[in-house]
């Protein structure tokens, strides 16, 4: 029996001039076939104050999003504390450690990458990306960020254009992009 191997995603978060934008592409693939073009991999949680974007197995990512929201409820919206507790549980819980996903979570002051290996990483530069097209999207965003004020780009424009660049480079990334801002 051959199992369906769904993979490929690009999630990008950029902070610029007090605003944060998170973008995700919409493509879902099964091996070499595209099976969905407009999946929503970026969403708001915790009373619309937190934006999460996820890469990996969809059911696992949604489960982690729910777990993060539970932690946010428990810790009164403290994103760092909730993320650290989620990462700890993710690494040590017998069920959770089997989940295959990564997550970017942002609020109005923090941007974090949360992984199943127990990592909670806040980027130095205000740009972070995950997924198959993450390297291309992050490189494009950093280049655009360096010229953003001169060309009149805000965080939303930076993620929009960086994701389009990634879509031209990564076969597992498309240009059907969902963007959320805080």
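Listed values, structure above:
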item	result
Packing-based exposure ordering (other Cβ within 10 Å, fewest first) of 70, 100	100, 70
Exposure proxy order (Cβ contacts within 10 Å, fewest to most) of 119, 25	119, 25
Computed FRET value (nearest 0.05) for residue 88 with residue 176, which takes r as the C-beta separation and R₀ as 35 Å	0.50
Residue-span extension gain [residue 100 to residue 143] - 0.36 nm each, minus C-alpha spacing	12.5 nm
Inter-probe distance in nm under a simple model that places probes 7 Å from Cα toward Cβ, at residue 32 and residue 81	5.2
Computed label-point distance, nm, for sites residue 108 and residue 66 using a 7 Å Cα→Cβ extension	3.0
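Read-outs throughout are calculated quantities, based only on the coordinates presented, and are distinct from any laboratory measurement. Remember, it's a predicted structure, so these values are computed and weren't measured experimentally. So basically every Cβ, Gly included, is an ideal-geometry build from the backbone, and we count neighbours across all protein chains shown.
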